[in-house]
Amino acid sequence: MVLGAGEFAVSYGDDQTEIWVTQMGSWANMNTAFIDRTHGIVAIVDPFDGKGWLKALADENLVPTHILLTHTHKDHTAGVKAIRNAHPDIEVWGHEESVSPSLLGRIFFRRTDFTHVWNHAPNEAVVWEAGSIHLTVIHSPGHSPGHVTFHGHGVYVAGDLLFTMRSGRVDLPGSDPAAQWRSLAMAKTVLESLPGDWRLIPGHRYDWIDGTTPDWVTIEQALKHNISLNAPDIDTFDALPFNRFDDELSA
Ligand SMILES: [Fe+2]
């Protein structure tokens, strides 16, 4: 399917969980929420349009309880302020390396005050739980410091580590191409361990192999066709044209 701006696709994971997926903004940022109505848990990943999220949740008598950030580029944190203003007690989670003081004030990063941080080493995994929501959080730096991915309940939320057909650029302040290569190797191992029919939700809805722009692909499709996941070595990966761009727009 191809979601309109701010349109929500709702599916159901295991247990009592609902998975909401939407795309928002001029760079087609993909947003995902893990919802457990029984325990009153609403965890939103990378909210772009805070007011849009608040309205959609309110329409369902839901209250956001957690914000989980893959990284702190502006287009992945744009909605945090509005949600936090409406719900000051909300928990905001991210990796501590994504708020390194040396990066604050740089144009691509938005100052984001986390209430809770992860601090695990690159390519290590920790579990995050709330109510019946159970996610594995993998520290996957390279596109940005402190980048993490989340997976559980039938979805792998890739942030800007992976898009459907390629991977995130590594030419921004704080980017590290060698770290990205290692994070991609870890991601491949993880994806190969997950059911092939789970969805890979990319950080942005960019082109797929057939020129369409699907909101997500299956893990099986990504493993088969994603160019970065199939690069044979770091030199081949590093030479891929989408690692570096002339523009400075799509962080
Ligand atoms: Fe980014």
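None of the figures in this text is laboratory data; all of them are computed from the coordinates on show. The structure displayed is predicted, hence computed values, not measured ones. A quick note on method: Cβ atoms are made from the backbone with ideal geometry, for glycine too, and the neighbour counts reach across all protein chains shown.
Here are the numbers:
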{"read-out": "Interatomic Cα distance distribution for region 8-242, bins of 10 angstrom, percent", "value": "8, 35, 39, 16, 2, 0"}
{"read-out": "Gyration tensor verdict on region 2-54 (Cα atoms; rounded if a/c is under 1.5, prolate if a/b is larger than b/c, oblate otherwise)", "value": "prolate"}
{"read-out": "Rounded tilt (10° steps) of 50-59 against the dominant C-alpha axis of the chain", "value": "40 degrees"}
{"read-out": "Counted charge near residue 194, where neighbours are those whose Cβ lies closer than 15 Å (Asp, Glu -1; Lys, Arg +1)", "value": "-1"}
{"read-out": "Stretchable slack from residue 2 to residue 197, in nm (0.36 nm times residue separation minus alpha-carbon distance)", "value": "68.4 nm"}
{"read-out": "Label-point separation in nm, residue 125 to residue 58, each point 7 Å along Cα→Cβ", "value": "3.9 nm"}
{"read-out": "Degrees between helix 177-193 axis and first principal axis of the chain (Cα, 0 to 90, nearest 10)", "value": "60 degrees"}
{"read-out": "Among 34, 114, 163, residue whose mean-square fluctuation peaks in a GNM of the chain (springs only between Cα atoms under 10 Å)", "value": "114"}
{"read-out": "Helical contribution to [θ] at 222 nm, DSSP H n ≥ 4, -39,500 (n - 2.57), averaged over the chain, rounded to 500", "value": "-5500 deg cm²/dmol"}
{"read-out": "Potential lengthening between residue 239 and residue 96 on full extension [0.36 nm per residue; Cα-Cα distance subtracted]", "value": "48.5 nm"}
{"read-out": "Dipole axis of region 8-242 (+1 Lys, Arg; -1 Asp, Glu on Cβ), positive-most option in 195, 12, 78", "value": "78"}
{"read-out": "Spatial separation of Cα centroids for region 182-251 and region 57-89, in angstrom", "value": "26 Å"}
